[in-house]
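I have placed the structure first, in the form of structure tokens, so that the comments after it can refer back to it.
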Amino acid sequence: VSDLLAWGRRYLMCPPQHFGVLYEINPWMNREVSVDPDEARAQWDGLVGTLRDAGAEVVIMPPRAEVPDLVFTANAGLVNGGQFVPSHFRHPERRPETSINAAWFAARGWHVDHLPDELDHEGAGDALPFTPEAGQTVLLSGYSFRSDASAATELSTLLRCAVRPVQLVDPRLYHVDLTFCPLDRRRAIVAPLGWDDYGRKVVEALVPEPLVLSDDEALGFCANSVVVGTTVVMPTVPPRVGRQLERWGFTVAECRVDEFLKAGGGCRCLTLALDVVLSPEAPPAPVPTAP
Amino acid sequence: MGTETIEVTGHIVDSLLLAKILDSILEAGCDYEIVEFRIGKTNLDTSQARIEVSGGDEVLGPLLDALQIHGANRVAHTDARLVPAEVDGVLPPGFYSTTNLATEVRVDGQWLTVDNPEMDCALVVLDGRARTAPMHRVRAGDAVVVGSDGVRVRAPAHARDTQVFEFMASEVSSEKPKALLVAKVAERLRAARERGGKVLAVCGPAVVHTGGAPDLARLVTAGWVDVLFAGNGFATHDIEASVLGTSLGVSVAEGVPTEGGHANHIRVINEIRRHGSIAAAVDAGFVSGGVMHACVRAGVPFVLGGSIRDDGPLPDVITDAVAAADALREHVPGVEVALMLASTLHAIATGNCLPAWVETFCVDINQAVVTKLADRGSHQALGIVTDVGPFVRQLADHLLGAA
């Protein structure tokens, strides 16, 4: 493991009390497939436990009946120290989440900045930071299925951080967090299947040592993993991927979240890192209070 | 063809977004020009590019819609700014200076197509119409377009038959197969005539010196030339050749100087002046052959523009250069093919008045003439470096059969 990620020790999660596949807004969703609520809860609890075991703190956000996808907190928005930019969702089904997220963060001391109304961006689901050993943090932002390319420009102004938009081309990998998982300051899990040629070149230039997923591995949501220091929490661990991570010095924890895969979400989708700092100019994160 | 301006801002260099947008434009068969590019100095600064995209109307719209996905948005257009001219013949400061390309002006939210594209003119808007106006024709109170807001030009369509002319492109060369070029020019004339377009011939005296006059006369008589521009020299030598059999005193048939021939052209001019006009001299039977005779007989309009070194001149010659250029302009609408035959001065004068879409063939033994024409903005001119007499003969043979 080279220089560890400077973030990923504190996560926001929302229990799946109201979770279900109630609508279809990505190719994984099928309303005829029913979610087992008990199994979903058990898997979610399992993820919370795995993260805590790895040394992360988990902050819980109360669920809301009218927004089943609130469970996917990665899409709440973007955290930059004490600044929070709530997502603007492309699909009307998820738009009510924006004000809920904004209110939650504002109530806990975050300064909330908004994207212009006409631009969609789905938060940490479509933007993940990579900080090269020598250099400033770059936010790799996906666009096309859920986020607008122009939102990247707005975000770079709001967050004072370089944002590189890459086009997502496979509807099954509709968010950038299904294609990209920063591991440390040299390495990241990458799924080229999700990007066009330009996007592949951008990532190639950004990440010195990528762990390149095969198409099958990518579609198994391998990149939708959570990194806590040297622990990588993955929804499935193909042996080849696990061996490579271990060679690099990571510990791999498999954490099954099958019930959530029915809605097109994996481990990363269920979490939002609260300790991300994208810019040296970011306001300090608020002192944690009881949820 | 249409042209639209798009703008894209952000980390567009590192994200290869700009490269992708430019590639997409070319892949769609459109073309672009980066009209403005501001590169961010640091990693954090965003860059901004303003790009003019041009292409066929059927592909441009869908392309721009597709580019929006990558964050490239159409630049909102504003109306053109109109400022009344204060004085006759003087344009307001900052006036929009035209190109010879198809041009549109936005007035009250509507794009008006400029009636008569011509380079180096002003744009005047009157009663919901936009037209080009040469400086001297602008009158006090005319609404003149100032600045470039609300003005857009449509990129020139490349030679309609690109395959045919691809190999000549805009290159001037004496190394091209002439017979093939003549055949292609003949094809373009046929095509123009089928479309109902006019053919313009601009002639220099070398047409007569090299023995091309009888063949050009054949073309005029057969209706292949709709309007003719020339100077005093061409008309004089054409008439001299017809009346006395010499051109500048040299026998056109024998190629030898004739005794006292140096004065032949001036004597001919004198006789035409006695008749009052070329047409009168034709009617009186004094001129019975040649190109000018053919024009009079066939009712083909001609404009003879004078110059400072002219002898005489012939009574038909317009010696006021500005009036001569205006007379040219009257005949430009409808012209689709222009043949510049061994003429420098008049070819450039004509080129100045022609819209860029007019197929222009510049035939000259001197490569420099073609280059000159292109350098003065008539980029559409295709050069054929050859002796003009044989060229005209071959062209006439192609269109009319051997004489």
For the stretch A:113-156, shape from the Cα gyration tensor axes a ≥ b ≥ c, cut at a/c of 1.5 then a/b versus b/c, turns out prolate
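If you take all C-alpha pairs in the stretch B:63-145, what percent of them are over 14 Å apart?
Counting every Cα pair in the stretch B:63-145, those more than 14 Å apart make up 63 percent.
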Restricted to the protein assembly as shown, the DSSP antiparallel beta bridge percent, nearest 5, is 55 percent
Net +/- balance of residues flanking A:W44 in space, Cβ distance below 14 Å, scoring K and R +1, D and E -1: -2
How much of the accessible area of the stretch B:1-69, probe 1.4 Å, is carbon plus sulfur, in whole percent? 49 percent
Under the classification rounded if a/c is under 1.5, otherwise prolate if a/b is larger than b/c and oblate if not, where does the stretch A:176-279 fall, given a ≥ b ≥ c as square roots of the Cα gyration tensor eigenvalues? rounded
Could you pull out which residues in the stretch A:60-102 have an amide N less than 13 Å from a spot 7 Å beyond the Cα of A:Y23, following the Cα-Cβ vector? A:66-70, A:89-98
Rounded to whole Hz, the Karplus (6.51, -1.76, 1.60) HN-Hα couplings of the stretch B:54-60, x for glycine and proline: 10, x, x, 4, 6, 9, 5
Straight-line reach from B:K178: which lysines have Cα under 26 Å away, leaving out those fewer than 8 places along the same chain? B:K198, B:K372
Heavy atoms of B:L345: accessible area, 1.4 Å probe, square angstrom to 10: 100 Å²
Based only on Cα atoms, what Rg/Rh ratio does chain A have, Rh being taken as Kirkwood's radius? 0.92
Hey, what did the stretch A:125-273 get for relative contact order, percent, Cα under 8 Å, at least 6 apart? 17 percent
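Skip the ligands, DNA and RNA, and give the accessible area per residue of the stretch B:1-69 with a 1.4 Å probe, whole Å².
47 Å²
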Positive minus negative residues near A:E57 (Lys, Arg vs Asp, Glu; Cβ under 11 Å): +2
At a Cα cut-off below 27 Å, give the lysines reachable from B:K41, other chains included and same-chain residues fewer than 8 away excluded. A:K201, B:K20
Report, in cubic angstrom per residue, the convex hull volume of the C-alpha atoms of the protein assembly as shown. 207 Å³
Classify the stretch A:44-198 from the C-alpha gyration tensor, please: rounded if a/c falls under 1.5, else prolate or oblate depending on whether a/b exceeds b/c. rounded
Give me, ordered by chain and number, the residues 5 or more places off B:W111 or on other chains with an amide H under 5 Å from its own placed amide H. none
Per the helix-only calculation at 222 nm, which mean residue ellipticity applies to chain B, given -39500 (n - 2.57) for every DSSP H run of n ≥ 4 and division by its residues, nearest 500 deg cm²/dmol? -10500 deg cm²/dmol
Averaging over all projection directions, find the projected area of the Cα convex hull of the stretch A:1-75 and quote it in nm² with one decimal place. 6.4 nm²
Per residue solvent-accessible surface (Å²) - the stretch A:11-153, probe of 1.4 Å: 36 Å²
Relative contact order (percent) for the stretch B:1-149, with alpha-carbon contacts under 8 angstrom and 6 or more residues of separation? 22 percent
Below 8 Å, C-alpha to C-alpha, sequence gap of six or more: please give me the relative contact order for chain B in percent. 15 percent
per DSSP, antiparallel bridges as share of beta bridges in chain A, % nearest 5, sits at 50 percent
Carbon + sulfur, % of accessible area of the stretch A:106-230 - ligands and nucleic acids excluded, 1.4 Å: 47 percent
When the Debye formula is applied to the Cα atoms of chain B, each taken as the same point scatterer, what base-10 log of I(q)/I(0) results at q = 0.10 Å⁻¹? -0.76
With both partners inside the stretch B:1-118, how many of the DSSP beta bridges are antiparallel, as a percent to the nearest 5? 100 percent
Accessible area per residue of the stretch A:230-291 at 1.4 Å probe, in Å²? 43 Å²
In the stretch A:130-158, which residues give up 20 Å² or more of accessible area once the other protein chains are added, compared with their chain alone (1.4 Å probe)? A:Q136, A:Y143, A:A149, A:S150, A:T153, A:S156
How many Å² of accessible surface get buried when B and A come together, counting both sides, probe radius 1.4 Å, rounded to the nearest 100? 1500 Å²
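The values are calculated or read from the model by the stated rules, or taken from the named source; none is laboratory data. In this text the structure is predicted, and so the values were computed from the model without any measurement. Backbone-built Cβ (ideal geometry, glycine too); neighbour counts: all protein chains shown. Keep in mind that these areas ignore ligands, DNA and RNA; they rest on the heavy atoms of the full protein, side chains included. Shrake-Rupley method; radii C 1.70, N 1.55, O 1.52, S 1.80 Å.
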